[in-house]
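Heads up, the thing below is written out as structure tokens.
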Amino acid sequence: MARASIEDLLRAGAHFGHLTSRWNPKMAPYIFMQRNGIHILDLKQTQRLLDDAADAAGRFASKGRKILFVGTKKQAQNVVKEEAERAGMPFAVDRWQGGMLTNFATIRGSLRRMETLRREDADGTADKLKKKERLMRARELEKLDRVLGGISEMGKLPGALFVVDVKREHIAVDEARKLKIPIIALVDSNVDPDLVDYPIPANDDAMKSVALFTRHIADAIIEGQKAGAIERDSAVAEAQSRAADEAKVSEAEAKAEEAEPVTTMADAEAEARTEAAAAKTAS
């Protein structure tokens, strides 16, 4: 996968942090300087940590794990949704439903309800209801789809989270940390990077910056999925080859056993008489 260059990061405005009055001291190692009252992030560290985060995303994807994209701020919603769909990953862009991770059993019930409403709309069952009932069901489906539509294919807890704004998505981060789900996230100068397993120091407000990092993580996931598929196919082929070799060996052993001379009762008696005669002669 192509590495994001320093020039790409500069053009996207990834180096602009928040006002110096709003910074989190834990971000000090990632800050290059301050200019006009604004912190400037160290893009060399951003580049290196982006590589680490992308490698992690690729590893998770290669093992078949889902990575939940979370970005509910207005400037992030469209790109997060588009890139998550491109990578075949679940997403949450409208708002974070409390308990989406820690109370996933209840969320799964809501997902089943949403699927039922969709199915009944498709097969015409809803058309038999009264107008008021149809209207209520349509509103219920619209709300469920808006909040949970992005995770409709997520049958179990995700293997990791990709978060655009740690401060805004603090509930999602807290739930993931409670469940020990790895977190990949952009960390601006006003957040605590210790909350994240794979922090990427970067501007989390500018649309170009958000788009660049989200696209890079999605690319890493897609490559990881391809690598995982190749590895699984190789493992299957190797297992089949090994099984075929073992079958050939078993067949050869069976043929060898069939080719060995069979000792009959008459042969055994003749051999016994010969041995007795030899013993008598010797005595």
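Numbers for the structure displayed
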item	result
Total residues in segment 1-58, condition over 27 Å from the mean Cα position of the chain (by Cα) and of a type in the set (D, E, K, R)	6
Segment 89-107: number of residues that are in contact (Cβ under 8 Å) with a residue 40 or more places away in the chain and open to solvent by 20 Å² or more (accessible area, probe 1.4 Å)	8
Some residue of segment 217-227 being touching a residue at least 12 places away in the same chain (Cβ under 8 Å), under 16 Å from the mean Cα position of the chain (by Cα), farther than 15 Å from residue 83 by Cβ and surrounded by fewer than 19 Cβ atoms within 10 Å (Cβ to Cβ)	yes
Residues satisfying the stated conditions in segment 56-77, i.e. open to solvent by 40 Å² or more (accessible area, probe 1.4 Å), assigned to a helix (DSSP H, G or I) and over 27 Å from residue 19 (Cβ atoms)	59
Residue among 119, 86, 113 that alone is farther than 25 Å from residue 178 by Cα, at pLDDT 95 or above and open to solvent by 80 Å² or more (accessible area, probe 1.4 Å)	86
Residues of segment 152-162 that turn out to be at pLDDT below 95 and either touching a strand residue (DSSP E or B) at 6+ places or on another chain (Cβ under 8 Å) or open to solvent by less than 10 Å² (accessible area, probe 1.4 Å) (or both), as a count	1
Any hit, segment 179-200, residues being open to solvent by less than 10 Å² (accessible area, probe 1.4 Å), in a helix (DSSP H, G or I) and within 21 Å of residue 81 (Cα to Cα)	no
Filter pass, residue 142 being within 16 Å of residue 211 (Cβ to Cβ), without any contact (Cβ under 8 Å) to a residue 24 or more places away in the chain, open to solvent by 70 Å² or more (accessible area, probe 1.4 Å) and outside any strand (DSSP E or B)	no
Members of segment 123-132 found to be open to solvent by less than 90 Å² (accessible area, probe 1.4 Å) and assigned to a helix (DSSP H, G or I), listed by number	125, 126
Single residue of segment 191-206 satisfying the filter (over 13 Å from residue 15 (Cα atoms) and of a type outside the set (D, E, K, R)) that is nearest to the chain's Cα centre (by Cα)	198
Residue within segment 163-176 that is assigned to a loop (DSSP other than H, G, I, E, B), open to solvent by 60 Å² or more (accessible area, probe 1.4 Å) and closer than 18 Å to residue 75 by Cα present	yes
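The values are calculated or read from the model by the stated rules, or taken from the named source; none is laboratory data. Small disclaimer: the values here were computed from a predicted structure and weren't measured. All Cβ positions, glycine included, derive from the backbone under ideal geometry; neighbour counts span all protein chains shown. Areas reflect the complete protein model, heavy atoms only, side chains present, ligands, DNA and RNA absent. Shrake-Rupley method; radii C 1.70, N 1.55, O 1.52, S 1.80 Å.
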